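Enquirer: Could you have a look at this structure, given as structure tokens, before my questions?
Bear in mind these aren't lab numbers, they're just calculated from the coordinates by the rules spelled out. Keep in mind that what you see is a predicted model, and the values were worked out from it rather than measured. Using ideal geometry, Cβ is built from the backbone for each residue, glycine included, and neighbour counts are taken over all protein chains shown.
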Amino acid sequence: MKIFWIIFISFLIYFTQSSNSNIVFVYEHVRHGARSPLFFDGNKEYIDNFGTKWEGASTLTNVGKREHYILGIHNRLKYSSLLNFSKYDYQEIKVYSTNSGRTVQSLQAQLQAMYLPGTLDPLTKEQLSIAYPPFKNLSLEVLNEINKLNDSTIIKDINVFPIQFSDPKKLRLNEPENCPYMKQYQEDLENKTRSGIIIHFVKDFNEKYGVKIKEVLNKTDKDLNDFDFIEIILADELLCNYYNGNNINDFFNKTGFNKDEFIEDSRISKNIYLYQMNIDEKTGIMAASPSMNEIINYMDNIIQKKSQTPKMIIHGGHDTTINYFQYFMQYVFKIPIQYIPFSSNIYFELHKNESKSDNYYVEYILDGNTLLTLDYPDFKAKVLEAVWSEKEINNFCFPPEKEENQNPNYNNENSEYEKYKFNTYLFLSTTIFFFISTAIFMFLFILYYKKYQNNSRNLLNNFTSNNQKDGEFKLLDRFS
């Protein structure tokens, strides 16, 4: 009976909160959809070790596009009271992507499901008369295709969406080109990991799978004692095949491996790289800080009525960028870290409780599971207590030991900065040269003057002693 009442009261609280609240802001961060393997070990035919032929390396697949299209359907239905999905509004929603083709394509697929074809306004007669590129002598075939459009912008009024590249210095601080000190930091992490957990993982992996893999895939001991081969090549290819629904049963039939167990060990190898070699808790919190600060600023603007737009932010990223958030949420809110498959997504939703004035709360959702519900003031306080300031990030990424690292905007290709340095050095060197030259000149002048004065005195003494009388000598001596 006690358990019944606990369940009933929990359901009642959840139902009351859901029915009396509305979402006023959403931040989504999502990994790209299923892709092909990252590398093909020099194979120009894009055939992996399991015999699957791909269109290219690290490209979005049709499965990945469909995954994001389904996410778009979810967004359109869940946030229908927040956004106007009958027409794309540039002010309501902002979409950002890393500089990667598979993330841009994933977001385009997601947006196509959010804003369905037919939501574009038809063109007017005046617009139709000038809606041509400056291309001379269009062929008859092209003109016939144009006529089929009638007053539509694009066939079936399919939307074309603006996707901006995210600032890598805010979203990808795990990469040395954006945070130079990460190169040394990651080398230290890798050396520590390779001398510890990787040794044990490679040993266990070989004991379980080594003999059969060498036999079936024609690999060597050198391959299977190399963690990079296991993680970057073997595990990545297997997981790409698995998440794209490719038939790799032939491999498991020949080896006799337990499919679920082998897939789980492949995931473990990925997690070792992501959470042990790429970043740790400290750098995960550091890398998540710009985004968490951004989320707080957007929510503050909505609550304080400074601005009611944008209402939704979408960031397309990778497993590494989602891992930042996982480390941050684990550190601040004790939420366990999970494996991040393709199209994995997180949402930070800001809700307003209509039953109470000015009462807002935040929900943190990972892959459809609500892992945190917290009043906004408490959420904000805990986040701001943990985030790194811009100064702290710069001090970490650009340590003061090296001169170039004293400037967070330092770049060897930054001509303005190089010009400033050159002009400064030129001015200092010219000034120093001027003072040194002046000092040498004055020193030589004084030496010459004293020598000249002594020579003059000697000549005068000789003259007076040889040609003048004693009285005249004394008179001259007074003026010498």
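Enquirer: Mind scanning LYS270/LYS334; LYS214/LYS259; LYS65/LYS94; LYS53/LYS212; LYS53/LYS169 and naming the pairs with a C-alpha gap bigger than 27 Å?
Expert: Values: LYS270/LYS334 22 Å; LYS214/LYS259 17 Å; LYS65/LYS94 20 Å; LYS53/LYS212 22 Å; LYS53/LYS169 36 Å.
Among LYS270/LYS334; LYS214/LYS259; LYS65/LYS94; LYS53/LYS212; LYS53/LYS169, the Cα-Cα distance tops 27 Å for LYS53/LYS169.
Enquirer: OK, next. Treating only the Cβ atoms of Lys and Arg (+1) and Asp and Glu (-1) as charged, compute the dipole magnitude of the range 24-175 about its Cα centre; round to the nearest 20 debye.
Expert: Numbers: 18 positive and 16 negative charges, 57 e Å.
Dipole of the range 24-175, to the nearest 20 debye: 280 debye.
Enquirer: Could you work out how far the C-alpha centroid of the range 70-128 sits from that of the range 227-269, in angstrom?
Expert: 35
Enquirer: How long are the semi-axes of the ellipsoid equivalent to the range 37-168, from square roots of 5 times the Cα gyration tensor eigenvalues, in whole Å, largest first?
Expert: Gyration-tensor ellipsoid for the range 37-168: 33, 24, 14 Å.
Enquirer: What relative contact order, as a whole-number percentage, does the range 166-228 give when Cα pairs under 8 Å and 6 or more residues apart are counted?
Expert: 21
Enquirer: Remind me, what semi-axes does the range 178-252 give for its equivalent ellipsoid, largest first in whole Å, using sqrt of 5 times each Cα gyration tensor eigenvalue?
Expert: 28, 18, 9
Enquirer: Right, another one. Rounded to whole Å, give me the distance from the Cα center of the range 364-389 to that of the range 175-210.
Expert: What the calculation gives is 30 Å, centre to centre.
Enquirer: Could you give the length gained on full extension between SER86 and ASN253, defined as 0.36 nm per residue of separation minus the Cα-Cα distance, in nm? Present the calculation step by step, with values, prior to reporting the outcome.
Expert: Details: separation 167, 0.36 × 167 = 60.12 nm, distance 5.06 nm.
Full extension of this stretch gives 55.1 nm more.
Enquirer: Cβ under 9 Å from GLY64's Cβ, GLY64 left aside: what net charge do those residues give with Lys, Arg +1 and Asp, Glu -1? Mind showing how you got there, number by number?
Expert: Details: positive: ARG35, LYS65, ARG66, ARG102; negative: GLU67.
Within the 9 Å Cβ shell, the charges total +3.
Enquirer: Next question. Find how much the distance from ILE337 to PHE433 grows on full extension, using 0.36 nm per residue of separation minus their present alpha carbon separation; answer in nm with one decimal.
Expert: 28.4 nm
Enquirer: Between ASN178 and ASP157, how high is the FRET efficiency from 1/(1 + (r/R0)^6) when r is the Cβ-Cβ distance and R₀ = 22 Å? Nearest 0.05.
Expert: In this case the efficiency is close to 0.05.
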